Amino acid sequence: MAERLKEIKKQTAIAKLNDIPTSPRKMRYSADTIRGVEVNKALDILKFSKKESSNKLHKLLKSAIANWESKNTADRKELDNGNVIVKTIMVDEGRTLKRIRTAPQGRAARIRKRSNHVTIVLDTKPAAKKAATKKPAAKKAAEKAEEK
């Protein structure tokens, strides 16, 4: 089981960005648009989005792609073929800065300046994984056919 988890971790790439000064709700809107999408298409979506949070996600996705390339040097074709997808993207709430603003009649109102943490996990498409594992069996069948 441990060996299988190590193999899975070798194929996946993770990138994290902590304490982004935008609210998690706004960041989740941009994150939902690229969840499960192929990475090259996700880069284009984020690049042409008008949301301010998409700029941070674009930079983080580029970092995740670089991490994936460093882990999978032999599978460079997978990225070019479009077999690498955004497997999971999580937006968690970060620390909140509490400030005070003046309110009518001598009162004070609370301002909450929220931040968030984003984690992106890249992986290959499930169909591409199955095809990669089935190739040796297909080769064995071809060899048997040649021998006969």
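The values are calculated or read from the model by the stated rules, or taken from the named source; none is laboratory data. Note that the structure is a prediction, hence the values are computed from the model and not measured. Positions of Cβ are backbone-derived with ideal geometry, glycine not excepted, and every protein chain shown enters the neighbour counts.
Would you check which residues across region 1-41 are of a type in the set (A, V, I, L, M) and farther than 17 Å from residue 126 by Cβ and list them? The answer is 1, 2, 5, 14, 15, 17, 20, 27, 31, 34. Please work out if residue 129 is part of a helix (DSSP H, G or I) and at pLDDT below 60. When the stated conditions are applied, residue 129 does not pass them.
When 124, 102 are checked against the criterion of being surrounded by fewer than 17 Cβ atoms within 10 Å (Cβ to Cβ) and not small (Gly, Ala, Ser), 102 stands alone in meeting it.
Pick from region 18-37 the residues that are under 27 Å from residue 77 (Cα atoms) and without any contact (Cβ under 8 Å) to a residue 60 or more places away in the chain: which of them is surrounded by the most Cβ atoms within 10 Å (Cβ to Cβ)? Across region 18-37, the extreme among qualifying residues is 34. All of (1) over 16 Å from residue 118 (Cβ atoms); (2) among the basic types (Lys, Arg); (3) in contact with a strand residue (DSSP E or B) (Cβ under 9 Å, 6 or more places away or on another chain) hold for residue 77 with one exception: (3). Per the conditions (1) in contact with a strand residue (DSSP E or B) (Cβ under 7 Å, 6 or more places away or on another chain); (2) more than 25 Å from residue 115 (Cα to Cα), the sole criterion not satisfied by residue 60 is (2).
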